[in-house]
1. Where a ≥ b ≥ c are the square roots of the eigenvalues of the C-alpha gyration tensor, would you call the stretch 146-212 rounded, which needs a/c under 1.5, or, failing that, prolate if a/b is larger than b/c, or oblate?
2. Relative to the Cα centre, what is the charge dipole magnitude of the stretch 180-282, using +1 at the beta carbon of each Lys and Arg, -1 at the beta carbon of each Asp and Glu, and rounding to the nearest 20 debye?
3. Charges only on Cβ, +1 for Lys and Arg, -1 for Asp and Glu: so what's the dipole of the stretch 110-245 about the Cα centre, in debye to the nearest 20?
4. Hydropathy first: keep DSSP H helices in the chain averaging at least -1.0 on Kyte-Doolittle, then drop any whose Cα extent along the axis falls short of 20 Å, and list what survives.
5. Within the P(r) computed for the chain, what percentage of the Cα pairs occupies the region above 28 Å?
6. Which of the residue pairs Lys234/Lys268; Lys160/Lys268; Lys160/Lys234 have a Cα-Cα distance greater than 26 Å in the structure shown?
7. Among Phe39, Ser55, Phe17, which residue has its Cα furthest toward the positive end of the charge dipole of the stretch 6-79, with +1 on Lys/Arg Cβ and -1 on Asp/Glu Cβ?
8. Convex hull over the Cα atoms of the stretch 33-72, averaged projected area in nm²?
Amino acid sequence: MTAAKRRRTQTFMIGVFDSGFGGLTVLRKLADRFPDISFCYLGDHANVPYGNRPSDLIVDFTRRGTEALFQRDARLVLLGCNTATAVAARRLQQHWLPGSSWAGAHNVIGIVAPTVEAATQTPWAVTSPQYPQKFNSETIAVFGTTRTITSDVYLEEIRKRCPRVQVVQQICAHLAGAIEDEASRDELTGLVGAGVSALLEQTGGAAPDRAILGCTHFPLVEDLFREHLPQATKILSQPDIVADSLEDYLSRRPQYLGGHHPRPRALKMLTTGDAFEISTRARIFWPDVPAFESVVVTRV
């Protein structure tokens, strides 16, 4: 088949890569928001969790997953994992992709940028303070896993744009695991309450103006964060933020949808783990999730 013929017959889609299950909260929102767009999800369950991995290995895993999705006709890959985004996104965007065979017609984006944009009300492209600022005296809370918080990605990116804003971070080390293990409501309430209490100790009891739920597992317990955080605090949940951002992104870059004629929407679910086990556990995050298919991902 000639290259021109292949381009005419390709079905382009958007890829979503995650180290495990959390990205399903993002994909579910995207599937609802974009009923005419096909998505392919790849969870690297064979290598999860990423949090205790060396940075170079996280970059390698993320690159392999991105390439696997490119091979399946995704022109755009969204990293639906805060750890993968914090550690790997910039290196893939700036150092790997431009020199790869995918350069030009493909791109990889993450979930940190739209979250920072929502928190600061400042476009990602603006990397220095713009005065007068709207939020000179505000406090932004960030809840996340150990690796995401210790990477300081939210602290650094928010301060680039709004250096007068106070950023207070809180590690919720065991919350994501408890969600995956279907812990009891009481246990989840205790973990969220402890995290919020620890953060409020840092603020001297003052209510943060906004709170970022910086782990894609946490939307499943957003109601518990709402219960424990002061009512004045606005919660920023990533699935909604990412869906809003992607809608704007695609309106400005329709080439990542391939410019093809509309076709029936597909939702393809891939895992590097055991397909039956992953399909069963994934229902915690999305009760009607399509069945997963096992794949082997190797470096291209």
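1. Verdict is oblate for the stretch 146-212.
2. 700
3. Charge dipole of the stretch 110-245: 660 debye, to the nearest 20.
4. Flagged H segments are 55-71, 185-202, 238-252.
5. Counting every Cα pair in the chain, those more than 28 Å apart make up 37 percent.
6. Lys234/Lys268; Lys160/Lys268
7. Of the listed residues, the answer is Phe39.
8. Across all orientations, the stretch 33-72 yields a mean hull projection of 3.8 nm².
Every read-out reported here was derived from the displayed coordinates using simple, explicitly stated rules and does not represent laboratory data. As the structure is a prediction and not an experimental result, all values here were calculated from the model. In this analysis, Cβ positions are derived from the backbone assuming ideal geometry, glycine residues included, and neighbour counts consider all displayed protein chains.
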